[in-house]
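I have placed the structure first, in the form of structure tokens, so that the comments after it can refer back to it.
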Amino acid sequence: MADTMQFDLVAPERRVASEKATSVVIPGFEGDLTAMPQHAPLITTLRPGLLEVFSESGSRKYIVTGGFAEITAESATVLAERSHPVEDVTQEMIDEMVAEARAAARDAHPDLVDAAARMLADMVAMGTHMGFEPQA
């Protein structure tokens, strides 16, 4: 059995990360999931949250605000709407993302209000977990 899998994290403007990973914790829409070598094939949507990549040299965290993840036995590929290494995230970035999520929740079609409210709550929780105080 392989000890590592290929991990790629891609945002629209750039490749954020590419490395051999021992596991990847992904904020899936229905909850966090851990991808490991020999994982069963899976495609899932993402919710705003922290993605953590573990490798033989340690771990790295990234924020993602949505998108998709494709997991196979050999790889985990995450296509994120927006992604940054945690150490690059600022209070201003969190405030902007929360403001966008708040506007989406306010303007959501009645059939999508619950999903928009959940996205807003996840965005606020992500910022709070990182030690930021998203603006009310």
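The values are calculated or read from the model by the stated rules, or taken from the named source; none is laboratory data. What you are looking at is a predicted structure, and each value in this text was computed from that prediction instead of being measured. Using ideal geometry, Cβ is built from the backbone for each residue, glycine included, and neighbour counts are taken over all protein chains shown. The area values use the complete protein model at the heavy-atom level, side chains included, leaving out ligands, DNA and RNA. Shrake-Rupley method; radii C 1.70, N 1.55, O 1.52, S 1.80 Å.
Counting only residues that are among the β-branched types (Val, Ile, Thr) and not in a loop (DSSP other than H, G, I, E, B), which one in the stretch 50-67 is farthest from Gly127 (Cα to Cα)? Step by step, filter the stretch 50-67, then rank; the result is Val53.
Taking the residues in the stretch 53-108 that are over 13 Å from the mean Cα position of the chain (by Cα) and hydroxyl-bearing (Ser, Thr, Tyr) as candidates, determine which candidate is farthest from Glu19 (Cα to Cα). The residue in question is Thr90.
Residues checked against (1) open to solvent by 20 Å² or more (accessible area, probe 1.4 Å); (2) outside the structural domain of Val64 (by the TED database); (3) of a type in the set (A, V, I, L, M, F, W, C); (4) under 12 Å from the mean Cα position of the chain (by Cα):
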| residue | (1), (2), (3), (4) |
| --- | --- |
| Val10 | yes, no, yes, yes |
| Glu13 | yes, no, no, no |
| Ala17 | no, no, yes, no |
| Thr22 | yes, no, no, no |
| Gly28 | no, no, no, yes |
| Gly31 | yes, no, no, yes |
| Pro41 | yes, no, no, no |
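Inspect the stretch 61-73 for any residue being of a type in the set (Lys, Arg), open to solvent by 40 Å² or more (accessible area, probe 1.4 Å), closer than 26 Å to Ala115 by Cβ and at pLDDT below 95 and give the result as yes or no. The answer is no; no qualifying residue exists.
May I ask you to list pairs of residues, at least six apart or on different chains, whose Cβ atoms are under 6 Å apart, with the first in the stretch 77-94 being at negative phi and the second being among the basic types (Lys, Arg) and part of a strand (DSSP E or B)? Matching pairs, first to second residue: Val86/Lys61. Between Glu70, Glu87, the distinction of being in a helix (DSSP H, G or I) and closer than 24 Å to Arg14 by Cα belongs to Glu87 only.
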